[in-house]
Amino acid sequence: MPPLRFEKVFISDERYEAAGVFDVNNDGHLDIVSGAYWYPGPKFDRKCKIGPVMAAGEYFDDFSTLPLDVNGDGYVDLVTGGWFGQCLVWKENPKGDPTKAWEVHKIADTGNVETTRMWDIDGCGVPEIVPNTPGAPQKVFKLVTDERGRGTGAFKEHVIYAPEKGGTGHGFGCGDINGDGRPDLVLANGWLEQPPKPYEQPWTFHPEFNLGGASCPVLVVDVNGDGLADLIVGQAHGYGLDWFEQRVEGGKRSWIKHPIDPFNSQYHDLVWADIDGDGKPELITGKRYRAHCGHDPGEYDPYGIYYFKWTGESFVKQVVDYGPVRQAQGCGIAFEVVDIDRSGDGLLDIVAPGKDGLFLFRNRGFAQNMGD
């Protein structure tokens, strides 16, 4: 199968490391949201102010852009958190008015937030907010809804795991590890088994692996189709991208490490999605530009964004963008893979933020030959 072609579109030279894609003003077009601004679709050629974001050296204290109608008014708000502010907040959409700032509401003090994700932990149909707080207990924040199922602007905090020493570590993921139908949580040094009543009963910790400085997220997927959930793990601040094959023999679970790409570093965010429209998901990821501001292994190696296709035996790497710093693009701490024009062609686009700017990679389909 030939590789996909992508058109690289410059959106902004802003240095925020997280981006989201959702319809801010309910006009039917998806918009790009990143840091202090949102960019109206379908052209994405102007900035609309959200509000100031605290700067800390090379960073901005904004490590996720999660879309959720928190207050139930029919407009999508955003949830974020940061390492330096040590809290989660939600920013209230002013009903799509591009002239108004988004009011900031604190959800909770959490400790340092590496990033945040939304997963439907309890199967209620409304996703919960789950932060990765490496030095603190693992918490889940559940949106409080009214009798109609609409958000009320409030969250309920649940502590599901508090290690005796230290915190939960760098990196996390969500998926059904043991096949009981309930999503579990993966941490850097093991996984948390969800009980039948996730907010009333204790979660069981299984210290079955050590994933190092793992990506956010660790993907929980059945890579080889054997019916068991495997793990795909990037090294967020070092070299390496691997998958861990789950095996169960005699009632005992083990994990076999297989390399995907040991030659590149700073694989921080991973997405599992069908980017080429063939009905099978691919692994989409890339390098985070200056993740630790010059202190990570491979910091000054070439940068890139890639997708990896599973052949049934191994992953094959295809390049979306690759090259020296300032010529090629990385993909930040939280990027998006989405049909941004809602074209319905089955070809997903990539929205890539980072300290090296904000870019859109439009998926133009398959090249006809190597010279195309």
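Across the protein chains, with a 1.4 Å probe defining accessible surface, the residues Phe205, Phe141, Phe155 rank Phe205, Phe155, Phe141 from largest area downward.
Shown for the chain is the translational diffusion coefficient from the Stokes-Einstein equation, using the Kirkwood radius over Cα pairs, a temperature of 10 °C and a viscosity of 1.306 mPa s: 76 µm²/s. Residue-normalised convex hull volume from the C-alpha trace of the range 227-356: 119 Å³ per residue.
Summarising the amide proton neighbourhood of Ala108: residues at separation of 5 or more, or on other chains, whose placed amide H is nearer than 5 Å comprise Leu88. Sequentially through the range 17-31, phi angles give Karplus couplings (6.51, -1.76, 1.60; θ = phi - 60°) of 9, 10, 9, x, 10, 7, 7, 5, 9, 6, 9, x, 9, 6, 10 Hz, Gly and Pro residues having no value and appearing as x.
Mean separation of Cα pairs under 8 Å and 6 or more residues apart, divided by the residue count, gives the chain a relative contact order of 15 percent. For the pair the range 34-107 / the range 287-322, the C-alpha centres are spaced 28 Å from each other.
The length gained on full extension between Asp341 and Lys197, counted as 0.36 nm times the residue separation minus their Cα-Cα distance, comes to 47.8 nm.
Per-residue Karplus couplings for the range 293-306, computed as 6.51 cos²θ - 1.76 cosθ + 1.60 with θ equal to phi - 60°, are listed in order as 6, x, 10, 9, x, x, 3, 9, 5, x, 10, x, 10, 9 Hz, Gly and Pro entered as x. Both the radius of gyration and Dmax for the range 95-161 are 13.8, 42 Å, in that order, over alpha-carbon atoms. Each residue of the range 207-215 was assigned a 3J(HN,Hα) from its phi angle through the Karplus curve 6.51 cos²θ - 1.76 cosθ + 1.60 (θ = phi - 60°); the sequence is x, 9, 7, 10, 8, x, x, 6, 5 Hz, with glycine and proline shown as x.
Shown for the range 212-367: lysine pairs separated by 8 or more places, or found on different chains, whose C-alpha atoms are under 30 Å apart, numbering 14. Within the straight-line cut-off of under 18 Å between alpha carbons, the aspartates and glutamates reachable from Lys197 are Asp120, Asp122, Glu128, Glu157, Asp176, Asp180, Asp184, sequence neighbours fewer than 8 places apart in one chain being disregarded. Which number gives the lysine pairs in the range 14-139 that have C-alpha atoms under 24 Å apart and are eight or more places apart or on different chains? So the count works out to 15.
Seen from all directions on average, the range 1-113 presents a Cα convex hull projection of 8.9 nm².
Descending by average beta-carbon neighbour count within 10 Å, the peptides 158-171, 29-42 line up as 29-42, 158-171, the highest first.
Taking the DSSP beta bridges with both ends in the range 284-336, the antiparallel portion is around 90 percent. The residues Met1, Met54, Met118, sorted by heavy-atom accessible surface at 1.4 Å with ligands and nucleic acids left out, run Met1, Met54, Met118 from largest to smallest. Solvent exposure of the chain amounts to 41 Å² per residue of accessible area, where only protein heavy atoms count and the probe is 1.4 Å.
Where the centroid of each part is defined by its Cα atoms, how far is the range 155-193 from the range 201-228 in Å? For the range 155-193 versus the range 201-228, the Cα centre distance is 9 Å.
In the context of the full protein assembly, Trp243 retains an accessible surface of approximately 20 Å², using a probe radius of 1.4 Å and ignoring ligands and nucleic acids.
Dimensions of the range 119-249 along the principal axes, based on C-alpha atoms and rounded to the nearest Å, stand at 45, 33, 24, largest first. Modelled label positions at Asp180 and Thr152, each set 7 Å beyond Cα in the direction of Cβ, lie 3.0 nm from each other. When nucleic acids and ligands are ignored and a 1.4 Å probe is applied, Arg342 ends up with an accessible area of around 130 Å². For a label point 7 Å from the Cα of Thr99 along Cα→C-beta, name the residues of the range 44-75 whose backbone N is under 16 Å from it. Only 48-50 pass the distance filter.
Ligands, DNA and RNA left out, the accessible area of the chain computed with a 1.4 Å probe is 49% carbon and sulfur.
The values are calculated or read from the model by the stated rules, or taken from the named source; none is laboratory data. Note that this is a predicted model, so its numbers are computed, not measured. A quick note on method: Cβ atoms are made from the backbone with ideal geometry, for glycine too, and the neighbour counts reach across all protein chains shown. Ligands, DNA and RNA are excluded from the accessible area calculation, which covers all protein heavy atoms including side chains. Shrake-Rupley method; radii C 1.70, N 1.55, O 1.52, S 1.80 Å.
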